[in-house]
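The structure appears right after this line, and notes come after that.
Just so it is clear, none of the values below were taken in a lab; they were calculated from the coordinates. Bear in mind that the values here come from a model prediction, so they are computed numbers and not experimental data. Cβ atoms come from the backbone with ideal geometry, glycine included; neighbour counts cover every protein chain shown.
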Amino acid sequence: MTDILVVEATESDLPLILRAERLDGYDAVVGRWDEVRHRLALADKKYRYFLAKDGNEVVGFAIVRDWASPDRVSLIKRIAMLKPGQGYGSRFLQSVLDRIFNETDVHRVWLGVFPENVRARRAYLAAGFVPEGIARGSAYFGGSYRDELVMAVLRTEWDAAGS
Ligand SMILES: CC(C)(COP(=O)(O)OP(=O)(O)OC[C@H]1O[C@@H](n2cnc3c(N)ncnc32)[C@H](O)[C@@H]1OP(=O)(O)O)[C@@H](O)C(=O)NCCC(=O)NCCS
């Protein structure tokens, strides 16, 4: 398998990001913003946008929130691959984790996933995320409050994995 290259996204990548959020079936599993909301986040130091590239081809994106936060906790706010189920997502996440742990003094990186999203859960496990428990009603999504499985990686675990 080729290496996944991780690069920071810019406003010119928004059409692709908007498209990735809106792929068939994604409305049930991942949040989406309009372009205005994305532009606000891109201009906000709290957020970092990353693209996954396989050669010259962009294969997905991720948004990190609470980048370099004083609390030393960051959130993978969103991730979507343009070609799911091909091994890109887990490798991309590992590289995004490397960026976060190498470039900030964060102690914990976490995310929330709908428990029934088995593909995402497996990708997160493969990237080193540890399931911690169900946060009840933690996501207001599509007009209702949905439970989320919280998964996280601590710096000690990332260190131990030899990254
Ligand atoms: C979640 C997501 C980013 C993961 O990226 P990916 O490239 O699909 O993940 P990978 O291919 O690296 O790994 C997928 C894992 O699920 C398994 N898998 C693949 N298709 C599957 C399916 N339809 N159902 C269940 N498991 C599946 C794979 O075997 C792999 O598990 P393994 O490593 O134990 O073999 C991507 O699927 C995606 O964008 N999904 C839609 C949006 C989404 O759910 N975002 C996350 C919201 S929390």
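What pairs come out if I take residues in region 120-138 that are in contact (Cβ under 8 Å) with a residue 60 or more places away in the chain and more than 12 Å from Arg91 (Cα to Cα) and pair them with residues that are hydrophobic (A, V, I, L, M, F, W, C) and within 13 Å of the ligand (Cβ to nearest atom) whose C-beta lies under 6 Å away, six or more apart or interchain?
Ala120/Val113
Which one is farthest from Asp105 (Cα to Cα), of the residues in region 119-160 that are loosely packed, with under 13 Cβ neighbours inside 10 Å and polar (S, T, N, Q)?
Among those residues, the one meeting the criterion is Ser144.
Working carefully through the options Arg91, Arg72, find the one that is of a type in the set (D, E, K, R) and farther than 25 Å from Phe114 by Cβ. Walk me through how you get there before you give the answer.
Values: Arg91 fails: farther than 25 Å from Phe114 by Cβ.
The conditions single out Arg72.
For Arg72, work out the one condition from (1) surrounded by fewer than 16 Cβ atoms within 10 Å (Cβ to Cβ); (2) within 14 Å of the ligand (Cβ to nearest atom) it doesn't fulfil.
Against the list (1) surrounded by fewer than 16 Cβ atoms within 10 Å (Cβ to Cβ); (2) within 14 Å of the ligand (Cβ to nearest atom), Arg72 comes up short only on (2).
Can you pull out the residues in region 88-118 that are near the ligand (Cβ under 8 Å from one of its atoms) and exposed (fewer than 14 other Cβ atoms within 10 Å of the Cβ)? Show your work before the answer.
In the first step, residues of region 88-118 are kept if they are near the ligand (Cβ under 8 Å from one of its atoms); the result is 88-93, 111-114, 117-118.
Hit for region 88-118 is Val118, nothing else.
Within 11 Å of the ligand (Cβ to nearest atom), among the aliphatic types (A, V, I, L, M) and either surrounded by fewer than 17 Cβ atoms within 10 Å (Cβ to Cβ) or outside any helix (DSSP H, G or I) (or both): is that true of Leu23 in this structure?
yes
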